[in-house]
Amino acid sequence: MSIFEIIMLVCFGMAWPFSIYKSYKTRAVGSKSFIFLAALLVGYLSGILHKLFFSFDGVIFLYALNGTMVAIDMALYVRNKLYYVKESGK
């Protein structure tokens with residue numbers, strides 16, 4: 001278990017609750033990229049797989065937590081995009 005890996009995941013993870021809250025409240029998609037969110041999710045899933053196959057430890061929980069928050073933000077992105085399309089008639 002690396003303290004630097006833990007610090008990195010905690011620091012990255014601190015931003016997601018704010019992003020999720022903003023996505024939920026504003027229903028805006030302008031400043032988000034679904035492809036970027038998907039790339040982040042792939043990165044977290046890769047971290048989980050690495051932990052499962054090569055170096056299982058408690059840090060897997062942080063990867064899973066961050067991945068879950070990214071997946072929630074992705075779902076909100078889709079919801080907001082559909083809301084925008086419905087409201088604008090496009």
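What follows draws every value from the coordinates through simple rules; no lab data is involved. Given the structure is predicted, the values throughout are model-derived calculations rather than measurements. Glycine also receives a Cβ, built like all others from the backbone with ideal geometry; neighbour counts cover every protein chain displayed.
A compact table of results
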{"item": "Euclidean distance between Cα centres, the range 1-26 to the range 29-45, Å", "result": "13 Å"}
{"item": "Lysine pairs within the chain, Cα separation less than 21 Å, 8 or more sequence positions apart or different chains", "result": "9"}
{"item": "Karplus-derived 3J(HN,Hα), 6.51/-1.76/1.60, for each residue of the range 68-73, Hz, glycine and proline x", "result": "5, 5, 5, 4, 5, 5"}
{"item": "Dipole magnitude of the chain, debye to nearest 20 (Cβ charges: Lys/Arg +1, Asp/Glu -1, about Cα centre)", "result": "580 debye"}
{"item": "Per-residue ³J(HN,Hα) for the range 35-49, Karplus 6.51 cos²θ - 1.76 cosθ + 1.60, θ = phi - 60°, Hz, x for Gly and Pro", "result": "5, 5, 4, 5, 5, 4, 4, 4, x, 5, 5, 5, x, 5, 4"}
{"item": "Vicinal HN-Hα couplings computed from phi for the range 59-64 (Karplus, 6.51 cos²θ - 1.76 cosθ + 1.60; Hz; Gly/Pro x)", "result": "5, 4, 4, 5, 4, 5"}
{"item": "Positive dipole terminus of the chain, leading residue within Val42, Tyr83, Cys11 (C-beta point charges)", "result": "Tyr83"}
{"item": "Length-normalised contact order of the chain in % [C-alpha pairs under 8 Å, at least 6 apart]", "result": "44 percent"}
{"item": "Along each principal axis, Cα extent of the range 3-88, largest first, Å", "result": "49, 21, 15"}
